[in-house]
Amino acid sequence: MTKKSSILKYLFVSIAVAIGLALSIFSFAIPFTTSNFNGFANSIPLGLDVAGGYSVVYDIVLEDDSKSLDEEIDSSVKFISNVLVNQGYSDAIVAKQGDSQIRLTVSKNNNPKTLISTLGSAGDIYIKSSDTADISDSDIVGEDISNVYATRMQTSETEFSWGVIIEFTQSSSSGKSGAEKYEDLTTTVASSGNTIYIYMDDELYQSVGGITEAQTNGVLFLSGGGINSQETANQFALRVLVGTLDTKLSQGPNSVVEIPATLGMNFATFACVALAVLAIIYVVLMVVKFKDFGWISLLSLLIYAILVVFFMQAIPLVLLTFGGFIALALGLGILFISHAIMFNNIAKEYSYGKKIHLSVKSGYKKSILPIVDINVCAIIASFVMWFLGDVFTMSFGIILTISCLMGLFTTLLATKAFMKWYLPINSSNAKKLGFKRGENVNEI
């Protein structure tokens, strides 16, 4: 590798990093389209403690008077909590309030007002072979459904469509299961009409035609009509699932209250500034100690930051809370330690008498194991917190996992490549790297 090619590689990476930083920070209109690009950092979901959210109280009505209201409310709270987590509302808090109410608290991510109204409009589903409003002759009702979730399926060779999968029960304590009822229904309509009708309460929601044979898998894919996006598919799934409960949610007038961020409206800005200050301290220490290698660590740091921000907004499970900011600070510290271990090992190899290029090679090899150990230990701890903790620790766990994985990539791959490119530029002047060796040490 020549000095000229090394400089060109650094130039190319620097341009790519500049573009990555621009995409991470800035929002802009996409040329020749009507869409806007929001910037990776601006697209990261923020938790209740950072951005605030909404609180709403639902009145609960028990449809079956023979059942205990307290028990049904407790069951409904657990059920709704699980459904919301599965739909990406990981910080939603559902809790019983008083004797006959449920309170929902949710952050401002994922269209919370739509979620609030959807819960309040949940209704009973009826699947029939006739298009009459009389629900008494329904073939399948809510209790015959085991699960409903949004999915994207291929509808032709070149097209995909958002819809919902309705899974019917495989067993029943009395009579036929939902899957058996669905098989009977499709057997009937296959020979007469080829269409089934889906009602929400007493209104026709959608019809499904083209049924020419009995469906034996106990699954119905529903798309089209009001289901034309991931959001509308999730809304329908939520309405159906909550509608299967024996309790019905009723949203009263003026029941939605906006709640401020518990950490203050300016916390996110303050936290970002604090992280930036930590990064500056990181770079200054590296440059003072290791000179040119310190600038290499800056380039790695910028790549690390772009990758972390990108994956934080790309992974649906990520929610940036106070715990997430702590994880980012810890991840930055682990990256600093990883680079310090590597550069110190290289400096030691040079002090033993090795040439710079040999010192880089052997010092890097000796650094792999301790760097991997530090990051793997942090990842293991973050997995435990992710799966077993609350919203705070879940945010901490998943963001620390992302930080460590990106730190391993930048330290062991990107920094290694940058050091390799550096050697043709300087392979003899140790002062530019802050390396020293004793006067009596002979060069190997």
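The values are calculated or read from the model by the stated rules, or taken from the named source; none is laboratory data. These numbers come from a predicted model, not from an experiment. FYI the Cβ positions are ideal-geometry reconstructions off the backbone, even for glycines, and counts take in every protein chain you see.
Below is a table of values for the structure above.
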quantity: Qualifying residue in the range 128-137 (condition: of a type in the set (D, E, K, R), surrounded by 19 or more Cβ atoms within 10 Å (Cβ to Cβ) and part of a strand (DSSP E or B)); calculated: yes
quantity: Selected residue (criterion: modelled with the highest pLDDT) from residues of the range 359-373 that are hydrophobic (A, V, I, L, M, F, W, C) and surrounded by 17 or more Cβ atoms within 10 Å (Cβ to Cβ); calculated: Ile371
quantity: The listed residue being exposed (fewer than 12 other Cβ atoms within 10 Å of the Cβ) and either aromatic (Phe, Trp, Tyr) or at pLDDT below 90 (or both), out of Ser35, Ser5; calculated: Ser35
quantity: Sole exception among (1) under 28 Å from the mean Cα position of the chain (by Cα); (2) surrounded by fewer than 17 Cβ atoms within 10 Å (Cβ to Cβ) for Val308, by number; calculated: (2)
quantity: Some residue of the range 381-391 being part of a helix (DSSP H, G or I), under 25 Å from the mean Cα position of the chain (by Cα) and either buried (at least 22 other Cβ atoms within 10 Å of the Cβ) or small (Gly, Ala, Ser) (or both); calculated: yes
quantity: Residues being under 16 Å from Gly407 (Cα atoms) and surrounded by fewer than 21 Cβ atoms within 10 Å (Cβ to Cβ) - total across the range 335-358; calculated: 4
quantity: Any strands (runs of 3 or more DSSP E) falling wholly within the range 199-268 and containing at least 2 residues that are outside the structural domain of Phe322 (by TED's automatic domain parsing), within 27 Å of Phe79 (Cβ to Cβ) and over 28 Å from the mean Cα position of the chain (by Cα); calculated: 203-208, 247-259
quantity: Selection count where residues are more than 23 Å from Gly323 (Cβ to Cβ) and touching a Lys or Arg at 6+ places or on another chain (Cβ under 6 Å), scope the range 85-101; calculated: 1
quantity: Residue in the range 382-399 that is more than 30 Å from Val106 (Cα to Cα) and of a type outside the set (Gly, Ala, Ser) present; calculated: no
quantity: Cβ pairs under 6 Å, 6+ apart, first in the range 73-86 and in the same structural domain as Gln235 (by TED's automatic domain parsing), second surrounded by 15 or more Cβ atoms within 10 Å (Cβ to Cβ) and in a helix (DSSP H, G or I); calculated: Val83/Leu241
quantity: Residues that are surrounded by 19 or more Cβ atoms within 10 Å (Cβ to Cβ), under 22 Å from Asp202 (Cα atoms) and small (Gly, Ala, Ser), drawn from the range 97-127; calculated: Gly120, Ala122
quantity: Residue match in the range 161-179 (condition: surrounded by 17 or more Cβ atoms within 10 Å (Cβ to Cβ), in a helix (DSSP H, G or I), touching a residue at least 40 places away in the same chain (Cβ under 8 Å) and touching a helix residue (DSSP H, G or I) at 6+ places or on another chain (Cβ under 8 Å)); calculated: yes
quantity: Tally of residues being under 30 Å from Phe396 (Cα atoms) and in a loop (DSSP other than H, G, I, E, B) across the range 316-368; calculated: 5
quantity: Output for the range 70-96, where each listed residue is more than 30 Å from Ser229 (Cα to Cα), crowded, with 16+ Cβ neighbours inside 10 Å and out of contact with any Asp or Glu (no Cβ under 7 Å at 6 or more places or on another chain); calculated: Ile73
quantity: Selection count where residues are over 22 Å from Ser300 (Cα atoms) and surrounded by fewer than 17 Cβ atoms within 10 Å (Cβ to Cβ), scope the range 256-288; calculated: 10
quantity: Any chance Lys9 is basic (Lys, Arg), without any contact (Cβ under 8 Å) to a residue 24 or more places away in the chain and farther than 24 Å from Thr321 by Cα; calculated: no
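A quick yes/no check of all residues on (1) surrounded by 13 or more Cβ atoms within 10 Å (Cβ to Cβ); (2) touching a Ser or Thr at 6+ places or on another chain (Cβ under 9 Å); (3) closer than 30 Å to Val94 by Cα:
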site: Ile399; (1), (2), (3): yes, yes, yes
site: Gly407; (1), (2), (3): yes, yes, no
site: Met419; (1), (2), (3): yes, no, no
site: Asn426; (1), (2), (3): yes, no, no
site: Lys432; (1), (2), (3): yes, no, no
site: Lys436; (1), (2), (3): no, yes, no
